[in-house]
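The values are calculated or read from the model by the stated rules, or taken from the named source; none is laboratory data. Note that this is a predicted model, so its numbers are computed, not measured. In this analysis, Cβ positions are derived from the backbone assuming ideal geometry, glycine residues included, and neighbour counts consider all displayed protein chains. When the accessible area is computed, the model is the full protein with side chains, heavy atoms only, and any ligands, DNA or RNA have been set aside. Shrake-Rupley method; radii C 1.70, N 1.55, O 1.52, S 1.80 Å.
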Amino acid sequence: MEPSDPLIPPPLSRSVPRLILRLAIIAALVWGGLSLFNWLQAHIADLEDAARARALTTLVIVSVVAYALIIAIPFVPAIEIGIALMVMEGSIIAPFVWLATVLGLLIAFGFGRWVSLDWLHGFFRDLHMRRACEMVSRIKTQAPQARLAGLSDRLPRWLAPLATRFRYGMVAALLNIPGNVALGGGGGILMMAGISRLFTPLFTIFTIAIATAPVPLAVWLMGADFLK
């Protein structure tokens, strides 16, 4: 029998198999994507020139999608990876890096926004994360304004306006802070924004697009030497 209190973690005999299954599914998806990318890359050398050009286009698309998926993973230093790519490949890749960055952060936000709160609550229960379970319960039961008021009360006075009235600007600033991987990276920041249910998709798209544009735009216009 599961505990009657939704905040009490279930026995390890029940939670561990569920965690293993969830992690196995995630690992299988990652492995499948990497295998597809490696297969395409390995077979390009065997193609004729005309076919190779079409395959390279496919490879670019797959690379953008793969990079976007990597960015969506919390605690991955996505911005640093993008900068490294632009340094190595030059200005020609800058628009693709920007597009992949926007796409990846939107994937992270979308997952957080539309993931089942019941599933998320169960996931945190299996990990024995009681405070995270309480957070999900508040998101599920409280109206957005009530959650904003509660968040404002719990934060220092100087930080409360940034996290409530200017929360989109705060997300944009966090995306551009060096070392934001300690806060979950871009993927983690946007995933938590989605889970909070305090950010609308349209304004989030504009925020991500504007916040991630300056460096790729500068590289595209001035070259990769801008980063050295």
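Looking across the range 200-226, just one residue is without any contact (Cβ under 8 Å) to a residue 60 or more places away in the chain, of a type in the set (A, V, I, L, M) and touching a Phe, Trp or Tyr at 6+ places or on another chain (Cβ under 8 Å), and that is Ala218. Does at least one position in the range 95-111 carry a residue that is crowded, with 18+ Cβ neighbours inside 10 Å and farther than 30 Å from Leu221 by Cβ? No, the range 95-111 contains no residue that is crowded, with 18+ Cβ neighbours inside 10 Å and farther than 30 Å from Leu221 by Cβ. Before we move on, is Thr141 open to solvent by 70 Å² or more (accessible area, probe 1.4 Å) and polar (S, T, N, Q)? Against the criterion (open to solvent by 70 Å² or more (accessible area, probe 1.4 Å) and polar (S, T, N, Q)), Thr141 qualifies.
Once the range 201-228 is narrowed to residues that are over 16 Å from the mean Cα position of the chain (by Cα) and outside any helix (DSSP H, G or I), the residue that is modelled with the highest pLDDT is Ala213. Per this entry, Thr164 is not counted among residues that are free of Cβ contacts under 8 Å to residues at least 40 places away in the same chain, among the hydroxyl-bearing types (Ser, Thr, Tyr) and open to solvent by 70 Å² or more (accessible area, probe 1.4 Å). Within the range 175-228, if we keep just the residues that are of a type in the set (S, T, N, Q) and touching a helix residue (DSSP H, G or I) at 6+ places or on another chain (Cβ under 8 Å), the residue that is surrounded by the most Cβ atoms within 10 Å (Cβ to Cβ) turns out to be Thr212. In the range 122-177, of all residues being hydrophobic (A, V, I, L, M, F, W, C) and in contact with a His (Cβ under 9 Å, 6 or more places away or on another chain), the one that is modelled with the lowest pLDDT corresponds to Ala132. For the range 70-82, the criterion of a residue being open to solvent by 60 Å² or more (accessible area, probe 1.4 Å) and modelled with pLDDT of 75 or more is satisfied by at least one position. Residue count for the range 144-199, restricted to those that are farther than 18 Å from Leu103 by Cα, small (Gly, Ala, Ser) and in a loop (DSSP other than H, G, I, E, B): 1. In this entry, Leu120 passes the filter for residues that are among the hydrophobic types (A, V, I, L, M, F, W, C), open to solvent by less than 80 Å² (accessible area, probe 1.4 Å) and touching a residue at least 60 places away in the same chain (Cβ under 8 Å).
Going through (1) open to solvent by 60 Å² or more (accessible area, probe 1.4 Å); (2) within 23 Å of Ala27 (Cβ to Cβ) one by one, Arg131 falls short only on (2).
Here Val115 clears all of (1) more than 30 Å from Trp220 (Cα to Cα); (2) modelled with pLDDT of 85 or more; (3) open to solvent by 60 Å² or more (accessible area, probe 1.4 Å); (4) of a type outside the set (Gly, Ala, Ser) except the condition numbered (3).
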